[in-house]
Structure formats: C-alpha cells, structure tokens
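Asks: Before anything else, here's the structure in question.
The values are calculated or read from the model by the stated rules, or taken from the named source; none is laboratory data. The structure presented is a predicted model; accordingly, all values stated were derived computationally and were not measured. Backbone-built Cβ (ideal geometry, glycine too); neighbour counts: all protein chains shown.
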C-alpha cells in the first residue's frame, strides 16, 4: 500500500516563491508526478521525477529525494493565475502496478 | 495535443437509473482511467484499462462497471445510480501511467 501527505492549503503573495511539499510511504517506488487543477477545470500534468534532484520547467520546478521519500513543487514569480489545486501522485512497484495514487491536493491561494 | 473528451459536462439522474459516462481519447493511448473527485478526498481511482477489453479495479469499484470495446473509448457505467454517487467524474488516458491526460470532467448529480 501507499500513502501521500501534502498540506491542504498554502497562501502566498504575487511575485513570491512558494513550495508545496509531498511525503509518501510506498513499498517500492517508480516516481512522483505533479498536476495542477484550476477550479472547474481538469487536472493538467506539470512534471515527473523518477530520480533524485531538481527538474526545472520555466517558473515551476520539482524536486525529489528518494532516500527521504519526499518531494516538492516550487513555484517562482507567483502570478494570480497560479491559484489552483496541486496534486502529487506516486506509483509504486508493488505488483507491477499501473496505478498512481494521488494525494488529496494542496489549494494554493495567491494574493495581490 | 492530446485530447480527451467526455460525453457530458453536467448530468442529472434519478436514483436507480442506469448511467453511462463516455470518454474518448485521440492519441492511441493504451491506458485509460476513471476517477471520481470529491472535496477533500482528491482523486480516487474507480477502474482502469491497459488494453482493449482489459479492465482492472481501482480503489473504489463498488457500484460501477466499465467497458472498453475500442482502444479510444472507455465507458463508465453506474448500474443503479445512488445519491452517494453524486460527484465529479474524470477520465484520463496515458502512454506512461505517470503522465496522464485528463478530460474536462462530468459533474453527475443523482437525485
């Protein structure tokens, strides 16, 4: 089995940097994905980390530490449009699973 | 661009009705998924399929069934809708399970 923990809500001001953490417990591990979902919209894929380290894509970066069972999504130069829910998802290796498990999501509120 | 479409954005049904939710993807993906999303509970997997006519139960399959007769289409069936199945239903497809493409969702209300 697996479990994921992420904060339910994070607030920040426009232009700031914010970090959304995700810790997980799995019996094996393939990788950690991040998705963004605006209110009323569909989740959209942001990033995937299978190896330790930082992956950067524009203003967004994602970090993974396999030894700590921990990852985070870093959003820089925050904009109002970044207000959304962010989900981490983990797929473990148990039983050759095709099934990622999603966290409950972190609601990011960006203030002017 | 990958496109995943769902048959309805909003649906209202009565308790006991049989409900069909359709999902179509245009990228020849092997994997397709059905989730329900409820406030505070995140995305919970109902069923997934890794090939035509193949299906596997997810975390919450009770009260649901699925059909995948063609690669591009994955249907979710509520045999006898109940009020506790009122939810947002999201379909997704993927080549790799870790990179899923979601449809716009169907908000189902069961009265």
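Asks: Whether any residue in the stretch B:70-78 is closer than 18 Å to residue B:58 by Cβ and part of a loop (DSSP other than H, G, I, E, B) is what I want to check.
Replies: no
Asks: Got at least one residue in the stretch B:34-48 being under 26 Å from residue A:85 (Cα atoms), surrounded by 14 or more Cβ atoms within 10 Å (Cβ to Cβ), over 11 Å from the mean Cα position of the chain (by Cα) and at pLDDT 95 or above?
Replies: Checking the stretch B:34-48: not a single residue is under 26 Å from residue A:85 (Cα atoms), surrounded by 14 or more Cβ atoms within 10 Å (Cβ to Cβ), over 11 Å from the mean Cα position of the chain (by Cα) and at pLDDT 95 or above.
Residue by residue, here is whether (1) at pLDDT below 95; (2) within 14 Å of chain A (Cβ to nearest Cβ); (3) in contact with a helix residue (DSSP H, G or I) (Cβ under 8 Å, 6 or more places away or on another chain); (4) closer than 20 Å to residue A:30 by Cβ holds:
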{"position": "B:2", "(1), (2), (3), (4)": "yes, yes, no, no"}
{"position": "B:11", "(1), (2), (3), (4)": "no, no, no, no"}
{"position": "B:21", "(1), (2), (3), (4)": "no, no, no, no"}
{"position": "B:29", "(1), (2), (3), (4)": "yes, yes, no, yes"}
{"position": "B:60", "(1), (2), (3), (4)": "yes, yes, no, no"}
{"position": "B:88", "(1), (2), (3), (4)": "no, yes, no, no"}
{"position": "B:108", "(1), (2), (3), (4)": "no, no, yes, no"}
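Asks: Hey, among B:17, B:56, B:30, B:69, which residue is buried (at least 16 other Cβ atoms within 10 Å of the Cβ) and over 11 Å from the mean Cα position of the chain (by Cα)?
Replies: Values: B:17 fails: buried (at least 16 other Cβ atoms within 10 Å of the Cβ); B:56 fails: buried (at least 16 other Cβ atoms within 10 Å of the Cβ); B:69 fails: buried (at least 16 other Cβ atoms within 10 Å of the Cβ).
Being buried (at least 16 other Cβ atoms within 10 Å of the Cβ) and over 11 Å from the mean Cα position of the chain (by Cα) holds for just one of B:17, B:56, B:30, B:69, which is B:30.
Asks: Which numbered condition trips up residue A:19, out of (1) in a strand (DSSP E or B); (2) surrounded by fewer than 18 Cβ atoms within 10 Å (Cβ to Cβ); (3) within 12 Å of the chain's Cα centre (by Cα); (4) touching a residue at least 60 places away in the same chain (Cβ under 8 Å)?
Replies: All conditions pass for residue A:19, except number (4).
Asks: Regarding the stretch A:53-67, can at least one residue be identified that is more than 11 Å from the chain's Cα centre (by Cα), in contact (Cβ under 8 Å) with a residue 24 or more places away in the chain and either surrounded by fewer than 17 Cβ atoms within 10 Å (Cβ to Cβ) or more than 14 Å from chain B (Cβ to nearest Cβ) (or both)?
Replies: Yes, the stretch A:53-67 contains at least one residue that is more than 11 Å from the chain's Cα centre (by Cα), in contact (Cβ under 8 Å) with a residue 24 or more places away in the chain and either surrounded by fewer than 17 Cβ atoms within 10 Å (Cβ to Cβ) or more than 14 Å from chain B (Cβ to nearest Cβ) (or both).
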